[in-house]
Structures are given as structure tokens and as C-alpha cells.
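Enquirer: There's a structure below that I have some questions on.
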Amino acid sequence: NISYSYSANLFYQTNPKKKDKPEFRDINDWLALAPVFDNDSISGTNLRTRQLIERNSTNVTGDINTRAWLRDGTYISPLPGSEEETKNIFKIFEDNNKKAVLKTHKFANEDFVKSGILKDFRFLHIATHGMVNEEKPELSCILLAQDTTSNEDNILFSGEIYNLELNADLTVLSACETGLGKIAQGEGVIGLTRALLYAGSKNIVVSLWQVSDESTNILMVDFYKNIFKDESSSFSEHLSKSKLKLINDGEYAHPFFWSPFVLIGK
């Protein structure tokens, strides 16, 4: 079971001094955002978004649908697996009598993220497209529903994440390359992960390269099932078991599918 920290200084700041066992709260256990991008009203990009994607996105070829910023003309590619993933995890929480909130399609927007409600949840789960800018880490971002009626651009940059207030025991960025960033001497990786840690999240699951929409769905659902099977174990143990299950099941045994997700924390 492996977990990471980007620097000794960051580890000291984020590691709890008391070894209290985290417990489920009576309310507000899990909040998920999944824009899905499966219709024109939330997948059509505005000019700023198109320019950003044109400068920074990586073109991917092949039959594997990934959570990178692929696009067809001026539209963000849909992520059907992200909807199935979040709905299945939502059901896991409901079946265990826990408070879960799921925001999909047009409701997974930047206005909601900045409303202040995120601080009230123990688990945060964001299943969408991600992008990392290693030269200018403040421009690393995650893409939310492209709502043209909003005053926001619905691109959540890492610089904006620093201004959020979070109290999450765990934040999962179920997207591509969310664990990458610029290497700074004495600080480690500067990017989305560091922004979430400084905003208040205690642990984070992120990816190191482009991830498959289908296998990520399976991995994430099994990860949350493991949490409920054994609440006393660490997140790193739960993630390790989920990876081993993908390997043993065979269809997604190749490291491309199971190894990109890592835990920053414990």
C-alpha cells in the first residue's frame, strides 16, 4: 500500500498531529460533480475554452475513450462512464444510509463549486476532463459544465482552488493527469493537488496520465465499496485492493488502466 507526499514541508503541514480515526458524519458525507458533456448545452465550448484547449490539450489516437480534453470541432468529448461511475457510487452511500449529493450535467458548474457548500462534505468526487500546464501551474484546471448563462467560464483553475474552503477527508479527481505539475525545488509538484491540499483536503486521489473512461468507472466504484467494507483501513489500502481486482479480473490488467491513480496523503 503506497501513498505519497510532494515534500517534507507539505507532509508536515497536512499530516494530522493526532492519530484520531476518521469517522463518517451524520450528514453530508459525499458530494460528486460529473458534467458528462453529453449534450450541446453543456459541451459546447465558449471562445476562451476553445483557445485554452487549442494551446494545451494533447491529441489522443486509438479506440480508448479517455478523460483528456478531446474534442470534435467546438465540443467537449462526452464522458458516459463518469455518469455511470458517480451514480453507482451514490447508490453505495445511499445503501449504507449516508448523505450523498450528486450534481451532473448542467448542475456540475463553477457557480455551484464556488457557492461554499463544498466545505460541508467529507468526500468530494469530481469526474470530468482535466488539464495540467506544467510551465504555468496556476493554469492547470478541471473542466465543468459549459453553462453559457453563468458569469463564470466554468474552467476551475488551480489558482481558484486555493481560494476554496474544504474540510474533506478525501478528494478524488477522477480525470486525466491531475497529479502532474511543475517541479519546484524544495516544494515538489506544483499543480492541482497542492491547491486542494492548501484549500483543506486531507487526502487526494489523482492520476498521472490520461485515463480510460470505462476502467476508471470500475476502479472508482470498487474503491468506495472497499471503504465501506473496512472503515478502519487506510485509503491507500482501499486503492491498492481496487487495483489488484482490476489486474485479477483480466480485462483491464494492463498497467495503463490501473496504475495511473495514486493517493496523496495516507
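The values are calculated or read from the model by the stated rules, or taken from the named source; none is laboratory data. Keep in mind that what you see is a predicted model, and the values were worked out from it rather than measured. Cβ sites come from the backbone with ideal geometry, for glycine too, and all protein chains shown count toward neighbours. Quick note on the areas: whole protein, heavy atoms, side chains included, nothing else; ligands and nucleic acids left out. Shrake-Rupley method; radii C 1.70, N 1.55, O 1.52, S 1.80 Å.
Enquirer: What number of residues in the stretch 145-172 are open to solvent by less than 10 Å² (accessible area, probe 1.4 Å), at pLDDT below 90 and not polar (S, T, N, Q)?
Expert: So the answer is 2.
Enquirer: Going by what's in this entry, would VAL101 be described as surrounded by fewer than 20 Cβ atoms within 10 Å (Cβ to Cβ) and of a type in the set (A, V, I, L, M, F, W, C)?
Expert: Numbers: surrounded by fewer than 20 Cβ atoms within 10 Å (Cβ to Cβ): yes; of a type in the set (A, V, I, L, M, F, W, C): yes.
For VAL101, the condition - surrounded by fewer than 20 Cβ atoms within 10 Å (Cβ to Cβ) and of a type in the set (A, V, I, L, M, F, W, C) - is met.
Enquirer: Tell me whether the stretch 117-124 contains one or more residues that are open to solvent by 20 Å² or more (accessible area, probe 1.4 Å), modelled with pLDDT of 90 or more, among the charged types (D, E, K, R) and closer than 23 Å to ILE227 by Cβ.
Expert: yes
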